[in-house]
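The values are calculated or read from the model by the stated rules, or taken from the named source; none is laboratory data. Nothing here was measured: the structure is a model prediction, and the numbers come from that model. Every residue, glycine among them, receives a Cβ derived from its backbone with ideal geometry; neighbour counts consider all protein chains shown. The protein model used for the area step is the full one, side chains on, heavy atoms only, and it has no ligands, DNA or RNA in it. Shrake-Rupley method; radii C 1.70, N 1.55, O 1.52, S 1.80 Å.
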Amino acid sequence: MEKPAAATAARSRFVVWLHGLGDSGRANEPVAGYAFAGARWAFPTAPTAPVTCNRGARMPSWFDIHDTPITSKSVRGEEDLLRSVQGVHEMIDREISAGTSPEDVFVFGLSQGGALSIASVLLYPKTLGGCAVFSGFLPFASSFASRVTAEAKKTPVLWIHGRADFLVPIEAGQDGTKFLRGIGMSCEFKVYDELGHELAPYELEYCERWAGKGSSEQEREGVERGVPRSKHSCCGFRIFSR
């Protein structure tokens, strides 16, 4: 579902939000109330499929995950991933065809959705406004670098991870950031020491501030030693998904 743009907005941002494993787009819609006022949001839901790490149970999943905790070396279903990437690209293409500038298109995602967000941006043939990965991981091997388009490398990336995340340990975020910087991309790595595998409002608020920065300000690493007092889930327990 997309939220209508504010009538007074001179330029309307379009944000694609990709949920985590076992969740749904509709359950994540409250995310739009925490940042990017006036933007139009899209909350697609992943297809239902068996998931290996959950003993084959069927649930909304962008691609198969074989084991947990998830690291940069975990086995993933690349065929499923590329199908999901195609779906995200079709959403972006429709938006751009309708008149939205690519620089006003943002792709954000949580956990498995964060993995899909970075894959979608890296394979897109145009430079977008930005990509934010929340508690995510790289869903592909290092050989994937050869597929990244030159224009995609210009899209800035924000990667937010918690040091207390035991489902997708912080090393997955560090490896992801290293990969992106290694291929010449601007990637800010934001760490919260006490954040687990969850999404909190202050992460979205920081993301909005990041999106308003210039490219020279975006590539850095920041660590928050504590967690702001607004530490709570944006959407209740369903947002604490893989």
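Quick look at the values:
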{"read-out": "Subset of the range 169-185 [open to solvent by 70 Å² or more (accessible area, probe 1.4 Å) and in contact (Cβ under 8 Å) with a residue 60 or more places away in the chain]", "value": "E171"}
{"read-out": "Residue match in the range 80-97 (condition: modelled with pLDDT of 95 or more, under 22 Å from P139 (Cα atoms) and not in a helix (DSSP H, G or I))", "value": "no"}
{"read-out": "Those residues of the range 70-121 which are aliphatic (A, V, I, L, M) and over 28 Å from N54 (Cα atoms), in sequence order", "value": "M91, I92, I96, A98, V105"}
{"read-out": "Residue satisfying all of: in the range 61-79; closer than 24 Å to F179 by Cα and small (G, A, S); modelled with the highest pLDDT among these", "value": "S74"}
{"read-out": "Neighbours by Cβ (under 7 Å, 6+ apart or cross-chain): first from the range 203-215, closer than 15 Å to S186 by Cβ; second hydroxyl-bearing (S, T, Y) and modelled with pLDDT of 85 or more", "value": "S215/S186"}
{"read-out": "Members of the range 112-165 found to be of a type in the set (D, E, K, R) and open to solvent by 20 Å² or more (accessible area, probe 1.4 Å), listed by number", "value": "K126, R147, E151, K153, K154, R163"}
